[in-house]
Structures are given as C-alpha cells and as structure tokens.
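Read-outs throughout are calculated quantities, based only on the coordinates presented, and are distinct from any laboratory measurement. Every value quoted in this text rests on a predicted model; they were computed, and no experiment measured them. Here the Cβ is made from the backbone with ideal geometry for all residues, glycine too, and neighbour counts use every protein chain on show.
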Amino acid sequence: MKLSFRQLILNDSNRILVSGATQSFVLRVISLLLTFLLNIYLARILGANGYGNYVYVLTWINVLLLLGMFGFDSTGKKYVSIYDSSDNYEKLDKYIRYSYTFVFKTSFLLCLLIIFLIRYVFSPWIHKQIVDTFYWGAVLLPINSLLSVSVSTLRGFKKIVSALYPQIVLRPALILIFVFCANLSFAKSFIRPSVVMAMNVFATVIALLFILFHLRNALPKKFTKKPIQPSEKSEWLLVALPLLLISGLHLILSRTDLLMLGMLSSTREAGIYGASARIAELILFGLYAVNIIAAPLIADLFAARRYKELQHTISTATLGIALFSYPVAIFITLGSKWLLGFFGMEFITGKVALMILSFGHIVNISTGTVSLLMTMTGHEKSAVKVLIGAITINILGNLIFIPRYGMEGAAVATMLSTLFWNVGLYLYVKIKLNIDSSIFGAVVYLTGQN
C-alpha cells in the first residue's frame, strides 16, 4: 500500500523526530532572515572592501573552527543521547568533561597559532585592516568552538529549541543590534571589519552563556566525576575523526571559491562574490527544509526495507522542493541586479557570478535529496569519494579560472564541482539503490500513480 508523505509524517514512530525537525526548521527560517538582513546591513556600512575583508576572515575562522571542534560537534548528539537514554551517567559525565576539555585546548592552541602567524609571518603582506580583523577572529575561535559543542550536547538531550536559538537566532540578532547602535552613536569610520568581528565575539559570548544555562538545567544530578580511561578517550576520538573528515570536506567544497578568490584576486571581489553566493543559496532553502523533515523518514523506511514507499517519499519530496525552488530561481535570475543592489551599488558587478551559481543550484535541486539518501542509507564512504572528486575539480577550476576571469571564474569552478557532485551521487543512487531522486523521475513516478 502506498503511503503519502503526510501519512508517513503522522506515523507514531516518526512523530517525535518530525516534531523536533519542524522546530528546527522554524528557527532556521528566522535565522535565514536575520543573517540575510545582517549581511545586507554590513555590506552597506562597510562597503565592498570592508565587507570583503570581514567575510574573508570569517570564512577562514569557520574553516579552522572545524579543526578546533575535531568532530565533537557531531559526536555529541550521538553519545549524549545514548548515555542519557540508558541512564549511564558515569559515561555521560566523562564524555561531556572530555569533549569540552579537548575542544577548548585544541581551539585555544589554534587561536595562539593564528595570532603568531598573522603577527610574525603574514603581517608584512596583509592589509592592516585584515590583520586587526584576524586578531579578533582568533579570539572568536575558542568561544565559537565551545558554543558549537554545547549545541551538540544539548541536542543530545533532545532540547532542540534551547540548543539552536542562542547560536542561530540570538547571536546574529545581537550582532545586528550592536552594529545598528554603533552606527547611530559613532562616526561611520568607527565601524570597521575588526570592530564588527569584536561585536561577533561579544555576541557569541552572550549566546554561549545562554546555552550553558540551558545545559545546566538539562544535565542530570547523578554525575560521578570518575577519572576518564585512555580506552574511552580512544573510542570517542576514533568516532570523531571520520566525522571531522566528512564535515571538513563539505566545508572545503562550499568555501574554497571565496577563500581562493580572496587569495588570488582581492578580498573586495571576495566580498561581492560572497553577496552573490548568499543570494544564490536562497534557491536551496526548499531542499534544506525538506531534508530536515525527510531525514528520519528515509532512514526509517530504508531500515524497514519498504523500498516502494521510500521511492514514493523521495519523489514527493523532490516535487515539493522543485515547486518552491524553481520560482525562487526564476525570481533571482530576473531580479539579480535589483537583489544585489540591496547590498550596495558596488555589488551589482556580481550579477554574472550570481547567474552562474544559480544554474549550479538548479542542477542541485533537480537531482533531489540525493546527498541525504547516501548518508541515510549507509553509503557515506562512496559519497566521500565523489566529494573528494568534486573538491579536486573546484580547486583546479579556481586555480585556472580566477586569475583570468575573477569572481566569474570562481563561480564557474563552483558550478562545475556542483554538477560533478550531484550528478555523480544521482547516478550512484539510481544504479545501486534503484531509486530515481530527480525531478524528472518524480514527475514520471507520481504521474504513473494517478
């Protein structure tokens, strides 16, 4: 018997998971609006040069953040949930203590390393504005690492709203408020990339305090404070390391273009390109939204070997994604100049890059929830191989195209790697799982059911 997407959601086994996913989705909608508004405001105040410097440094800090967290931002959801549900408070206490200690030490050492390299190695070749911004970015790194691990830990206790709102809603809202108040109170020259990064640091500290308050209320009172055994540390690190690799590869794929553009061309172009990329990513919001809800359903159906219902769910999800994303893509294409104008007149030169990036995202949408299918059905290793190929194409493409074509070259390299990633995964899923996740397959399948 075929089940509709709605019936699957209402199934008792999925209701709790979907409820949490729905709460996460609502918070992410609010976060998207706040972050978009914040970036527009920063671009208009800082200009293309200042905004480019800020975005370039922040992107580097976010990449290094992965090393600081060392995969514990992912393992927390797993181990905290397991130990809490089984009332294994001794292991829960040990894991939380070890993860926080390890992450703080690692990220603090990275913070010192960044300050040393910027001060004694790179400062003669980097603009002072970027140097000052990097100093504050280094301070942000350990604070942000602790925040991310706290989010993961609290999500392990199934406190979705308490875990997410300080990081993805409160923090951007505070930065926006800080910048707005500073713009009203001081001369325009006061607001520089380094000052905005400092505001980011203070906003992150406040968000961390909020989440630690919620975490304290969620922690059980039966902690034992026993010594952590070397075998336990090895177990957690061996699980965290592959997750670090996978997260790192995904981040490299999504951030290589901006970083290489900043290094091979200029941070000004990187800022304009960053604005174009942020607008283009609106096309993917429907995909992200459906993935949040579809993930537990796909895992449940695949584990139960209900393959026909899985195909029906995938086809329904893909059609829903397309109905939202294609109109958004058309709107962005037709209104590209108008949308970039919100960031400032300097940013309109990113129109061609926006068009190219949008085309890549349309291909992403057209292949459906293919990446989610790979991870939810136990084919992560094969996905990593395709991902490494996509990263190689991205890096080589940027090296070839950026020196000659600037931001348009970076967009072409990213578009080509996106095509390789999505088409490669689509073909794998079609051949190995016999599931057609594309929009064309969805139309054919759902039409045949009526």
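Extents of the range 78-184, taken as max minus min of Cα coordinates on every principal axis and listed largest first, are 55, 36, 14 Å.
Taking other Cβ atoms within 10 Å as a rough exposure proxy, I362, I314 sort from fewest to most as I362, I314.
Give me the tail of P(r) for the range 32-119 as a percent: Cα-Cα pairs with distance above 17 Å.
Of all Cα-Cα distances in the range 32-119, 64 percent exceed 17 Å.
Go through the range 195-259 and name the trypsin sites (Lys or Arg not before Pro) that are in a DSSP coil and have 15 or fewer other Cβ atoms within 10 Å of their Cβ.
Those that pass, being in a loop and sparsely packed, are K221, K222, K225.
Which percent of Cα-Cα pairs in the range 134-187 sits in each 10 Å bin, short to long? Going out from 0 Å in 10 Å bins, the range 134-187 shows 22, 38, 29, 10, 1 percent. Panel values: the chain, Kirkwood radius from alpha carbon pairs, Stokes-Einstein at 10 °C and 1.306 mPa s, translational diffusion coefficient 68 µm²/s.
By other beta-carbon atoms within 10 Å, ranking F342, F102 with the fewest at the front produces F342, F102. Long hydrophobic helices in the chain, taken as whole DSSP H segments with a C-alpha length of 30 Å or more on their own axis and mean Kyte-Doolittle hydropathy at least 0.5: 12-69, 89-117, 128-156, 193-218, 230-264, 307-334, 380-405, 407-428. Per-residue ellipticity at 222 nm from helix content only, as computed over the chain with -39500 (n - 2.57) for each DSSP H run of at least four residues, stands at -28000 deg cm²/dmol. Computed over the chain with a Gaussian network model linking Cα atoms closer than 10 Å, the most mobile of S417, S152, S185 is S185. The chymotrypsin sites (Phe, Trp or Tyr not before Pro) of the range 157-249 that DSSP puts in a loop, and whose beta carbon has at most 11 other beta carbons within 10 Å, are F186.
Measure out, as a whole number of angstrom, how far apart the alpha-carbon centroids of the range 92-132 and the range 276-291 sit. If you average the Cα positions of each part, the centres end up 31 Å apart. Using only the alpha-carbon atoms of the range 324-450 as identical scatterers, what base-10 log of I(q)/I(0) does the Debye formula give at q = 0.17 Å⁻¹? Calculated log10 I(q)/I(0) at the listed q: -0.96.
Return the FRET efficiency for the residue pair Y120, N434: r is the Cβ-Cβ distance, R0 is 35 Å, and the value is rounded to the nearest 0.05.
Taking R0 as 35 Å, the efficiency between Y120 and N434 is 0.05.
Build a GNM of the chain with springs between Cα atoms under 10 Å apart, and of L92, L373, L433 the one that fluctuates most is L433. Measuring between alpha carbons in the structure, the pairs from K78/K226; K91/K385; K308/K385; K78/K351 lying more than 31 angstrom apart are K91/K385; K78/K351. Counting beta carbons within 10 Å around each of L67, L334 and listing the fewest first gives the order L334, L67. Mind grabbing the base-10 log of I(q)/I(0) for the range 172-239 at q = 0.20, 0.23 Å⁻¹? Debye formula, identical points on the C-alpha positions, no solvent, two decimal places. Once normalised to I(0) and log-transformed, intensities are -0.87, -0.98.
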